[in-house]
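Student: Dropping a structure here in structure tokens format, bear with me for questions.
The values are calculated or read from the model by the stated rules, or taken from the named source; none is laboratory data. Just so it is clear, the structure is predicted and the values come from calculations on it, not from any experiment. Note that we place each Cβ from the backbone using ideal geometry, even for glycine, and neighbour counts take in every protein chain shown.
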Amino acid sequence: MLIKKASRRGSSVSWSRRLVPYLFVAPNFAIFLTFIIWPAIRGFWISFFDSTDGVHFKYVGNANFKEILHDPTISQVARNTITYVFFYVLLAITISIALALVVNEQKFAKGFFRAILFMPVMLSPVVVGLIWSDIVDRKHGPLNAAIKMLGGGAPGWLVDTNLGMVTVVFVGLWVHVGFYSIILLAGLQGIDRSVLEAASIDGASRMQTIRQIILPLLKPTTLVIIILATIHGFQSFDFIYTLTGGGPLGATTLIVQYIYERAFGVPIRYGLGSAAGVILFLVIFAFTALNFIVGRRRNAV
């Protein structure tokens, strides 16, 4: 009897211990389910309907998807989005690795440099757009003032169709590169120092150590950064909308702005905006899965 009672008590205690972690996770999971998962499911459902007021919905099947594919502006939006994501991801990886390597070599004030790197991440995207719209202002911006002092002209960063994309890519990098650098810095500090010391003893130069030891060991962390940067690139909207409004002449209009304008513009088309959102989800999922599969295969090799 005593053994049975002890076993029952032990089983109840073990169940309590197993239950406690889930109780801690439950509030976050409830919030995530309410504000992320359910709206996503609802948006997918609405994509098959048409509504101009958000109350009355008319089933239209896949008509919204067909309308998007035949929209004459979608080709420019897709081209802008792909251009932005390509250069954003490529430069983000390159710059963040370089910054992480530099900060990792700092002997003093490492915390200060980390704080400087991470500071733009904490700013509101709308504030970022307003700050940089003043900095790159053609007539009164400090950037053009500095260029004039060096004998240059006054580039129209926000009004030139060729410079508009350059500007938004730069600002996007300014916002997020610090975040990626901190993640890569953590990966660098996780590398066994004995491996680097062995390479130094064998006479490897600094560039050889980086290329043949550090970068291969950073592949898992770099894969995470590539996936995060790809998602951030496709989802970029708020600071671009504040900075350029999608201009000049639609040169910086990306897919999220297209979704916003179709859903809440004139006329309001909630179903059309939801259908564009579903397409964006599928594109991000495809790119993320591709990056993950290719990255895993390269790591396996």
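Student: Could you identify the single residue in Ile93, Ile36, Ile82, Ile131 that is assigned to a helix (DSSP H, G or I) and touching a residue at least 40 places away in the same chain (Cβ under 8 Å)? Quick ask: steps written out before the conclusion?
Tutor: Details: Ile36 fails: touching a residue at least 40 places away in the same chain (Cβ under 8 Å); Ile82 fails: touching a residue at least 40 places away in the same chain (Cβ under 8 Å); Ile131 fails: touching a residue at least 40 places away in the same chain (Cβ under 8 Å).
Checking each option against the conditions leaves just Ile93.
Student: Please verify whether region 49-63 includes one or more residues that are hydroxyl-bearing (Ser, Thr, Tyr), under 30 Å from Val224 (Cβ atoms) and either surrounded by 15 or more Cβ atoms within 10 Å (Cβ to Cβ) or at pLDDT below 90 (or both). Walk me through it before giving the result.
Tutor: Of region 49-63, the ones hydroxyl-bearing (Ser, Thr, Tyr) are 51-52, 59.
Those left that are additionally under 30 Å from Val224 (Cβ atoms): none.
Checked region 49-63: no residue is hydroxyl-bearing (Ser, Thr, Tyr), under 30 Å from Val224 (Cβ atoms) and either surrounded by 15 or more Cβ atoms within 10 Å (Cβ to Cβ) or at pLDDT below 90 (or both).
Student: Further question on the same structure: Kindly evaluate Trp157 against the criterion of being within 24 Å of the chain's Cα centre (by Cα) and not in a helix (DSSP H, G or I).
Tutor: Details: within 24 Å of the chain's Cα centre (by Cα): yes; not in a helix (DSSP H, G or I): yes.
Yes, satisfied.
Student: Only residues that are assigned to a helix (DSSP H, G or I), of a type outside the set (A, V, I, L, M, F, W, C) and crowded, with 23+ Cβ neighbours inside 10 Å: list them for region 228-247, please.
Tutor: Answer for region 228-247, where residues must be assigned to a helix (DSSP H, G or I), of a type outside the set (A, V, I, L, M, F, W, C) and crowded, with 23+ Cβ neighbours inside 10 Å: just Gly233.
Student: Would you check which residues across region 137-172 are β-branched (Val, Ile, Thr), modelled with pLDDT under 90 and under 28 Å from Gln76 (Cβ atoms) and list them? So that I can check it myself, show each step before the final result.
Tutor: From region 137-172, those β-branched (Val, Ile, Thr) are 147, 159, 161, 166-169, 171; that's our starting set.
Subsequent filtering for residues that are modelled with pLDDT under 90 retains 147, 159, 161.
Result: Val159, Thr161.
Student: Could you say whether any residue in region 209-220 is in contact (Cβ under 8 Å) with a residue 12 or more places away in the chain and within 15 Å of the chain's Cα centre (by Cα)?
Tutor: no
Student: Which numbered condition trips up Phe108, out of (1) surrounded by 13 or more Cβ atoms within 10 Å (Cβ to Cβ); (2) without any contact (Cβ under 8 Å) to a residue 60 or more places away in the chain; (3) among the aromatic types (Phe, Trp, Tyr); (4) closer than 30 Å to Leu217 by Cα?
Tutor: Checking Phe108 against (1) surrounded by 13 or more Cβ atoms within 10 Å (Cβ to Cβ); (2) without any contact (Cβ under 8 Å) to a residue 60 or more places away in the chain; (3) among the aromatic types (Phe, Trp, Tyr); (4) closer than 30 Å to Leu217 by Cα, the one that fails is (1).
Student: I'd like the residue in region 248-265 that is in contact (Cβ under 8 Å) with a residue 60 or more places away in the chain and in a loop (DSSP other than H, G, I, E, B) and, out of all such residues, is farthest from Phe65 (Cα to Cα).
Tutor: Applying the filter and picking the extreme gives Pro248.
Student: Now a separate question. Give region 241-294 a look and list any residue that's in contact with a strand residue (DSSP E or B) (Cβ under 7 Å, 6 or more places away or on another chain) and of a type in the set (Asp, Glu), or say none.
Tutor: none
Student: Here is a further query. Return a yes/no flag: does region 199-209 have any residue that is crowded, with 20+ Cβ neighbours inside 10 Å, of a type in the set (Lys, Arg) and out of contact with any Pro (no Cβ under 7 Å at 6 or more places or on another chain).
Tutor: no
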